[in-house]
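**Q** Please see the structure below; I have some questions.
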Amino acid sequence: MTPRRATSRSLLTIDDLGADGIVRILDLADHMAEVNRRPNPKVPALRGKTVCSVFFEDSTRTRLSFETAAKRLSADTMTFAVSQSSLNKGESLRDTIETIAAMGVDAFVVRHRSSGAPQLIDQWTQASVINAGDGWHAHPTQALLDAFTVRSALGRTGGLDGLRMAMVGDVKHSRVARSTIAAMRLLGVHVTVVAPRTLLPPDAGDSFADVVTDRLDEVIGDVDVLYLLRMQQERMNEALVPSLREYTSRFGLTAARAAALPSQALIMHPGPMNRGVEIAVDPGELPGSVITQQVTNGIAVRMAVLFDLLGSGRAAPDVDTGLDIITEGGSQ
Amino acid sequence: MAADNPAASAKQVLGPDDVRRAVTRMAHEIIERNRGVHGVVIIGIAHGGVWLADSLGAEIERIVATGDEPTAPVLVGSVDASLYRDDIGLRPVTPGAVSDLPGDIDGATVVLVDDVLYTGRTVRAALDAVSDYGRPRAVQLAVLVDRGHRELPIRPDFVGKNLPTSADERVTASADGVVIS
């Protein structure tokens, strides 16, 4: 049993988990995926727990995915809608969180446009805090579902040693890129970042990825996973790329590049997709596309995260971790 | 005290041959009770019951194959009950193998299998887990060791060995034998 980190009541970044923690969540997600395949995909594991989503930024898939995950574990869910809240009457974020916490919430699922907001909230409450995306900083459950999708698609157990992934696109403004690169590298994946210089973070060096390049065609023939990031329209206005057409011709998945991909390579995208920009072919016609599986797997992975934080006994006080009671048939 | 020096006080109560004989006897009893193996599904409770379910399934198949009646493959599966436990959040949970039920269990006779029966709470959780997959005609319980100290009204149908223990002892069971420490 690995020692508890100070922050393991919450999941704020991939680094909170480390390689062992990621594998632990992915193993748990295998169980949750089995639950999701049943005719009645629901287990009583988190009865009596309450999970509150607090989204300060628009999201459909992440919020629905978390709420579905909580419900399938029999937790109660609450949704805090910012537009209808007292934040509009001038209540501070801290007061808002403390007010909701006083109603008896076991976990907050937080999305915020400012990097670091979930860390602040974590300091204000005893409840678990799960970062569902903060600014350009982190999106750890996306990274976990990406790793789970690769692992399931390739039929692997444990880590992902020896795989090669290319992450293509706007890495600079992408919390998905930051978290997914971190998780993949912890699992042993060799990560190549492919992006125009203007869309790379200023600190993009060896510590960030294994290789950084702006030539997709040189790496595309030698990848196991091609990960395409969303090209955000706003970047045009900031003149970071000359035009979307130019971007597509250099960094998009065109029919010619799809043909150059190794036949067994996986194609991934965190959504929402800009068809015709980063992906200029119909992903439904690409045999290696696991974009739909990413969405499906998101539920299982978020169930695993919720159960790990609220139900596994990991966060319970005075747990004698030397006594691994459940795994020993002899003591139960 | 057993807890102070488990290695010195470990006591083997069943050897590998004893385990093999117990499995054979339980296999015979399961066939006898169910008048064959028609509609019988053997389901091991992860972790500890999985190897025993596999052994029982193989033994039942061997016994049935030597008889006169036409044989059918014995269905063996496993169920993980950790998401159904009543102590979730109170202590660490490490799920076992992912549940793998062999087909439809509606109307089947399920034989739940675990290595050691103690408080009965794992069996209670496994009963809930199984009922999420269907409605068996009946559920029976087979254990290699019944060590007593039940906390729920649960009673095994097939027992390899009744083993009086005290609550601070630890019982571990495998194909290599049963050890109290």
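The values are calculated or read from the model by the stated rules, or taken from the named source; none is laboratory data. As the structure is a prediction and not an experimental result, all values here were calculated from the model. Virtual Cβ from ideal backbone geometry, glycine too; neighbours counted across all protein chains shown.
**Q** Give the residue that is surrounded by the fewest Cβ atoms within 10 Å (Cβ to Cβ), with candidates limited to residues of region A:131-161 that are assigned to a helix (DSSP H, G or I) and of a type in the set (A, V, I, L, M, F, W, C). Don't jump to the end; show me each part of the working.
**A** The initial filter retains those residues of region A:131-161 that are assigned to a helix (DSSP H, G or I), namely A:140-153.
Those still in the list that are of a type in the set (A, V, I, L, M, F, W, C) too: A:143-145, A:147-148, A:150, A:153.
Numbers: A:143: 28, A:144: 28, A:145: 30, A:147: 26, A:148: 26, A:150: 27, A:153: 18.
The residue in question is A:153.
**Q** Just one of (1) over 29 Å from residue A:41 (Cβ atoms); (2) surrounded by 16 or more Cβ atoms within 10 Å (Cβ to Cβ); (3) away from chain A (no Cβ under 12 Å); (4) over 15 Å from the mean Cα position of the chain (by Cα) trips up residue B:164, so point out which.
**A** (2)
**Q** Right, next: Please determine, by comparing only the residues of region B:102-118 that are more than 7 Å from chain A (Cβ to nearest Cβ) and under 23 Å from residue B:173 (Cα atoms), which one is surrounded by the most Cβ atoms within 10 Å (Cβ to Cβ). Spell out how you get there, then give the answer.
**A** So in region B:102-118, the residues more than 7 Å from chain A (Cβ to nearest Cβ) come out as B:102-113, B:117.
Keeping just the survivors that are under 23 Å from residue B:173 (Cα atoms) gives B:110-113, B:117.
Values: B:110: 27, B:111: 28, B:112: 27, B:113: 31, B:117: 28.
The extreme case among them is B:113.
**Q** Give the residue that is nearest to residue B:101 (Cα to Cα), with candidates limited to residues of region A:28-84 that are more than 14 Å from chain B (Cβ to nearest Cβ), outside any helix (DSSP H, G or I) and among the polar types (S, T, N, Q).
**A** So, considering only residues that are more than 14 Å from chain B (Cβ to nearest Cβ), outside any helix (DSSP H, G or I) and among the polar types (S, T, N, Q), the one nearest to residue B:101 (Cα to Cα) is A:77.
**Q** I've got another one for you. Can you give me the number of residues within region B:122-181 that are part of a loop (DSSP other than H, G, I, E, B) and at positive phi? Let's see the steps before the verdict.
**A** Taking region B:122-181 first, the residues part of a loop (DSSP other than H, G, I, E, B) are B:132-137, B:147-157, B:163-170, B:175-176, B:181.
Those left that are additionally at positive phi: B:134, B:148-149.
Selection size over region B:122-181: 3.
**Q** Tell me whether region B:37-49 contains one or more residues that are in a helix (DSSP H, G or I) and either of a type in the set (A, V, I, L, M) or within 14 Å of chain A (Cβ to nearest Cβ) (or both).
**A** Restricting attention to region B:37-49, the residues satisfying the condition of being in a helix (DSSP H, G or I) are B:49.
Pick out the ones that are also either of a type in the set (A, V, I, L, M) or within 14 Å of chain A (Cβ to nearest Cβ) (or both) and you get B:49.
Yes: one or more hits.
**Q** Is there a residue in region B:82-89 that is at the interface with another protein chain (Cβ under 9 Å from one of its Cβ atoms), at pLDDT below 90 and at positive phi?
**A** So far as region B:82-89 goes, yes, one or more of its residues are at the interface with another protein chain (Cβ under 9 Å from one of its Cβ atoms), at pLDDT below 90 and at positive phi.
**Q** Looking at B:175, B:138, B:126, can you tell me which residue is buried (at least 23 other Cβ atoms within 10 Å of the Cβ) and either acidic (Asp, Glu) or out of contact with any Asp or Glu (no Cβ under 6 Å at 6 or more places or on another chain) (or both)?
**A** Checking each option against the conditions leaves just B:126.
**Q** Residue B:76 is checked against (1) more than 14 Å from chain A (Cβ to nearest Cβ); (2) part of a helix (DSSP H, G or I); (3) touching a Gly at 6+ places or on another chain (Cβ under 6 Å) and fails just one. What number does that condition carry?
**A** Here residue B:76 meets the rest and fails (2).
**Q** List pairs: first in region A:215-243 and small (Gly, Ala, Ser), second modelled with pLDDT of 95 or more and surrounded by fewer than 19 Cβ atoms within 10 Å (Cβ to Cβ), Cβ under 7 Å, 6+ apart or cross-chain?
**A** Listed pairs, sorted by first residue: A:221/A:260; A:221/A:262.
**Q** Being closer than 24 Å to residue A:40 by Cβ and more than 10 Å from chain A (Cβ to nearest Cβ) is true for just one of B:150, B:121, B:155, B:137. Which residue is that?
**A** Numbers: B:150 fails: closer than 24 Å to residue A:40 by Cβ; B:121 fails: more than 10 Å from chain A (Cβ to nearest Cβ); B:155 fails: closer than 24 Å to residue A:40 by Cβ.
None of the other options fit; the residue is B:137.
**Q** Among (1) surrounded by fewer than 19 Cβ atoms within 10 Å (Cβ to Cβ); (2) of a type outside the set (Lys, Arg); (3) modelled with pLDDT under 95, where does residue B:93 come up short?
**A** It is condition (1) that residue B:93 fails.
**Q** Would you confirm whether any residue within region A:242-255 is crowded, with 19+ Cβ neighbours inside 10 Å, basic (Lys, Arg) and at pLDDT 90 or above?
**A** No, every residue in region A:242-255 fails to be crowded, with 19+ Cβ neighbours inside 10 Å, basic (Lys, Arg) and at pLDDT 90 or above.
**Q** Let me ask something else. Take residue B:92 and decide whether it is over 18 Å from residue B:130 (Cβ atoms) and more than 9 Å from chain A (Cβ to nearest Cβ).
**A** Values: over 18 Å from residue B:130 (Cβ atoms): yes; more than 9 Å from chain A (Cβ to nearest Cβ): no.
So residue B:92 fails the test.
For (1) within 17 Å of residue A:289 (Cα to Cα); (2) surrounded by fewer than 16 Cβ atoms within 10 Å (Cβ to Cβ); (3) modelled with pLDDT of 95 or more; (4) among the β-branched types (Val, Ile, Thr), each residue gets a yes or a no:
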{"residue": "A:187", "(1), (2), (3), (4)": "no, no, yes, no"}
{"residue": "A:198", "(1), (2), (3), (4)": "no, yes, no, yes"}
{"residue": "A:201", "(1), (2), (3), (4)": "no, no, no, no"}
{"residue": "A:210", "(1), (2), (3), (4)": "no, yes, no, no"}
{"residue": "A:229", "(1), (2), (3), (4)": "yes, no, yes, no"}
{"residue": "A:234", "(1), (2), (3), (4)": "no, yes, no, no"}
{"residue": "A:238", "(1), (2), (3), (4)": "no, yes, no, no"}
{"residue": "A:268", "(1), (2), (3), (4)": "yes, no, yes, no"}
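**Q** So residue A:107 fits all but one of (1) buried (at least 17 other Cβ atoms within 10 Å of the Cβ); (2) modelled with pLDDT under 95; what number is the exception?
**A** (2)
**Q** Of the conditions (1) outside the structural domain of residue A:164 (by TED's automatic domain parsing); (2) on the phi < 0 side of the Ramachandran plot; (3) under 20 Å from the mean Cα position of the chain (by Cα); (4) at pLDDT 95 or above, residue A:133 satisfies every one except a single condition; which number is it?
**A** (2)
**Q** Considering only region A:99-114, I want to know if a residue exists there that is assigned to a helix (DSSP H, G or I), touching a Phe, Trp or Tyr at 6+ places or on another chain (Cβ under 9 Å) and within 14 Å of chain B (Cβ to nearest Cβ). Quick ask: steps written out before the conclusion?
**A** Within region A:99-114, the subset assigned to a helix (DSSP H, G or I) is A:99-102.
Subset that is touching a Phe, Trp or Tyr at 6+ places or on another chain (Cβ under 9 Å): A:100-101.
When the remaining residues are screened for being within 14 Å of chain B (Cβ to nearest Cβ), the result is none.
Checked region A:99-114: no residue is assigned to a helix (DSSP H, G or I), touching a Phe, Trp or Tyr at 6+ places or on another chain (Cβ under 9 Å) and within 14 Å of chain B (Cβ to nearest Cβ).
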